[in-house]
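The values are calculated or read from the model by the stated rules, or taken from the named source; none is laboratory data. Keep in mind the model is a prediction, meaning the values are calculated, not measured. Positions of Cβ are generated from backbone atoms using ideal geometry, with glycine treated the same way; all protein chains shown enter the neighbour counts.
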Amino acid sequence: MARGRTTRMMTARLTGHPAGQTTQRSLRPDDLVVEEPMEIRLDDHPVTTTMRTPGHDYELAVGFCFTEGLLADSPVRSVRYCATGSADATHYNVVTVSTGGTAPVPNPRLVPTSSSCGLCGSASLDDLRHRLAPLEGQRVPVELPALVAAASAAHERQAVFARTGAIHAAATFDPRTGAIGVLREDIGRHNAVDKVVGNLLLAGALPARDTGLFVSGRASFEIVQKAWAAGFGLIAAVSGPSALAVETARAANIALVGFLRTPQPGRGGDPPTAASANVYAPEPVLGAPGPSSNRPASVVSAAPGGA
């Protein structure tokens with residue numbers, strides 16, 4: 001069977017006061033995230049090898065092929081482990097997506113994709129504009145209470161992160177209520193998004209126009225381009241976006257939120273902190289929230305227990 005998502009190893013724990021001269025050392029077990037290579041094939045043609053956390057491998061392979069435009073509107077007929085032998089022989093680390101030969105033959109990536117790298121320069125905003133059209137229709141609402149609810153609910157469901165503190169998450173959510181739908185975790189933030197997109201594609205739930213995409217890290221270019229391919233109308237990230245991510249979101253007509261912070265109670269006599277988020281796309285204009293038209297609009301709620 002496939003490998004687990006975590007493994008236990010012994011670690012040396014060092015403790016002591018910063019100003020002291022004595023450091024205590026103890027041994028204890030620690031749960032660590034598993035990171036393994038997985039080769040993705042399309043109709044038995046090699047596509048790429050990505051470093052990922054095992055689990056939901058079929059969704060990852062399908063989601064990657066879809067968000068990279070490799071399927072070219074061809075329906076997925078089947079997904080299976082290995083195309084070169086038994087799944088046991090390849091340790092469940094080779095996945096083939098089949099369209100029955102209707103998808104174009106892919107150009108393989110010769111360099112493996114790391115868990116921290118998505119496109120790695122293989123595509124540009126001009127390429128995306130040629131392949132994808134801006135999202136049409138009414139904009140997805142950006143409501144801070146729903147964003148906070150989504151972030152809080154996603155955090156509660158990140159089981160592997162709770163054990164290891166070393167994994168990313170992506171999740172779908174209702175922009176009006178914050179209710180979480182599909183949530184996936186992976187050592188690679190772009191892998192987590194591909195797993196979510198693959199789940200939606202296999203369930204016939206794309207495009208995701210009226211759905212939000214939550215990511216537990218930063219909003220990079222590859223995250224936005226994958227969300228654009230899947231039709232998400234809103235991206236909410238815990239950390240900040242890159243300049244290219246903002247430019248891409250604006251070109252795609254996607255609402256992009258960064259630095260999403262949930263309210264926190266005061267500690268040690270400090271006052272509680274309010275919930276907040278920065279809206280980077282659509283582009284802020286004069287009269288909208290924010291100090292000026294060339295800075296992100298900031299939306300802030302009352303602090304816990306406040307009016």
Exactly one of these conditions fails for VAL76: (1) among the aliphatic types (A, V, I, L, M); (2) in contact with a Leu (Cβ under 9 Å, 6 or more places away or on another chain); (3) on the phi > 0 side of the Ramachandran plot. Give me its number. (3)
ALA245, sole failed condition from (1) assigned to a loop (DSSP other than H, G, I, E, B); (2) without any contact (Cβ under 8 Å) to a residue 40 or more places away in the chain: (1)
Return only the number of the condition from (1) more than 15 Å from the chain's Cα centre (by Cα); (2) among the basic types (Lys, Arg); (3) modelled with pLDDT of 95 or more that LYS195 does not satisfy. (1)
Would you tally the residues in the range 26-85 being assigned to a loop (DSSP other than H, G, I, E, B), within 30 Å of MET9 (Cα to Cα) and in contact with a helix residue (DSSP H, G or I) (Cβ under 6 Å, 6 or more places away or on another chain)? 1
Take the residues of the range 173-186 that are under 10 Å from the mean Cα position of the chain (by Cα) and crowded, with 24+ Cβ neighbours inside 10 Å: which is nearest to ASP73 (Cα to Cα)? ARG184
Looking only at the range 7-33, and only at residues there that are of a type in the set (Ser, Thr, Tyr) and surrounded by 10 or more Cβ atoms within 10 Å (Cβ to Cβ), the one that is farthest from THR164 (Cα to Cα): THR11
Taking the condition of being at pLDDT 90 or above and either in contact with a Cys (Cβ under 7 Å, 6 or more places away or on another chain) or not β-branched (Val, Ile, Thr) (or both), how many residues in the range 1-23 meet it? 7
Can you name the condition, by its number, that GLY100 falls short on among (1) surrounded by fewer than 17 Cβ atoms within 10 Å (Cβ to Cβ); (2) at pLDDT below 95; (3) over 27 Å from ILE167 (Cα atoms)? (2)
Scan ARG250, ARG267 and give me the residue that is basic (Lys, Arg) and at pLDDT below 95. ARG267
Can you tell me which residue within the range 58-83, out of those that are crowded, with 22+ Cβ neighbours inside 10 Å and among the acidic types (Asp, Glu), is nearest to ALA159 (Cα to Cα)? GLU59
Which of the residues belonging to the range 207-234 are in a helix (DSSP H, G or I) and in contact with a Pro (Cβ under 7 Å, 6 or more places away or on another chain)? ALA230
Answer with yes or no whether GLY204 is outside any loop (DSSP other than H, G, I, E, B), modelled with pLDDT of 95 or more and either out of contact with any strand residue (DSSP E or B) (no Cβ under 8 Å at 6 or more places or on another chain) or more than 23 Å from LEU71 (Cα to Cα) (or both). no
